Each structure stands twice: as C-alpha cells, then as structure tokens.
Amino acid sequence: MEKRRVVVTGMGTVNPLAHDVANTWEAVKAGKSGIDNITLFDASEFAAQIAGEVKNFDP
C-alpha cells in the first residue's frame, strides 16, 4: 500500500456544545452533554423530544 501524506491546516466545529474547537474540547473534558429537550420548535407530536440542537448560531 502506498503511504500518503496528510496535512491538517485548520479545524472547526459547530455542535450542541460550542461553536468552536477550544470550547467544544473544554466541554468534552468537563463531561458535558449537548443533548437536551428540544426548544427550537414544537416537538410535542414527535416520539423523540430530545436532541442535540445547535443554538445561537448565525453563520
């Protein structure tokens, strides 16, 4: 198998814990979960009422 070189030039993330890599990593280390009750829409008619919502994100 041919070895191929990979270069990581940057990292980014938007997820339920945080909107950047540093704060996401701190939340993971602290054992935090991004799963909570759904608040961005009325989910009362759905079987699942919890999700990993990305809140306060404006791309």
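Throughout, read-outs are computed from the coordinates displayed, never taken from laboratory work. These figures come from a predicted structure and were not determined experimentally.
Structure notes:
- Share of alpha-carbon pairs per 10 Å distance bin for the chain, given as whole %: 19, 35, 25, 14, 6, 1
- Hz values of 3J(HN,Hα) by residue in region 38-44 - Karplus curve (6.51, -1.76, 1.60), Gly and Pro given as x: 6, 10, 7, 7, 6, 9, 4
- Per-residue HN-Hα couplings for region 20-33 [Karplus 6.51, -1.76, 1.60; θ = phi - 60°; Hz; x = Gly/Pro]: 8, 5, 4, 6, 4, 4, 4, 5, 5, 4, 7, x, 6, 10
- Long-range HN-HN contacts of residue 53 with modeled amide H, under 5 Å: 36
- Across region 5-16, coupling constants 3J(HN,Hα) worked out from phi with the 6.51/-1.76/1.60 Karplus curve, θ = phi - 60°, read 7, 10, 10, 8, 9, x, 9, x, 7, 9, 8, x Hz, and Gly and Pro carry x.
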